[in-house]
1. Restricting attention to segment 60-68, does a residue exist that is under 20 Å from TRP43 (Cβ atoms), among the charged types (D, E, K, R) and modelled with pLDDT of 95 or more?
2. What is the residue count in segment 14-29 for residues that are more than 19 Å from CYS81 (Cβ to Cβ) and within 15 Å of the chain's Cα centre (by Cα)?
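The values are calculated or read from the model by the stated rules, or taken from the named source; none is laboratory data. Small disclaimer: the values here were computed from a predicted structure and weren't measured. Heads up, the Cβs are rebuilt from the backbone with ideal geometry, glycines too, and the neighbour counts pull from every protein chain shown.
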Amino acid sequence: MKSSQIGISRAYDRPLSERGARFLVDRVWPRGVTKEELHLDAWLRDAAPSDELRRWFGHDPKRWSEFVSRYRTELDAHPDCLEPILEAAAKGPVTLLFGARDPEHNQAVVLRDYLLAKLAHH
């Protein structure tokens, strides 16, 4: 499997490039954004944190490290939901889209790091 770039971007930001696959990794659709504006390859709801975990976290930076741990556990339990991203990453660049305001404390950050670690082990 060749090395691939996995980036993250807010769903509200204009795409920097038309290259590569684009996946929305939120459980809920970003408010006020159309499907056409996102230029999505897929909406992967199941790759997002569970509703329970998402509500518990509430984007509170004080809960970040515990959120990372719990989310990684959820990802470990459902590896099949990551297949579309891993397949796309084998072919070229991938962008994970998220709706959260905080660019450092959101599920796309965790998911990107998780996927990069998986790709590094293959």
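1. No, every residue in segment 60-68 fails to be under 20 Å from TRP43 (Cβ atoms), among the charged types (D, E, K, R) and modelled with pLDDT of 95 or more.
2. The qualifying residues number 1.
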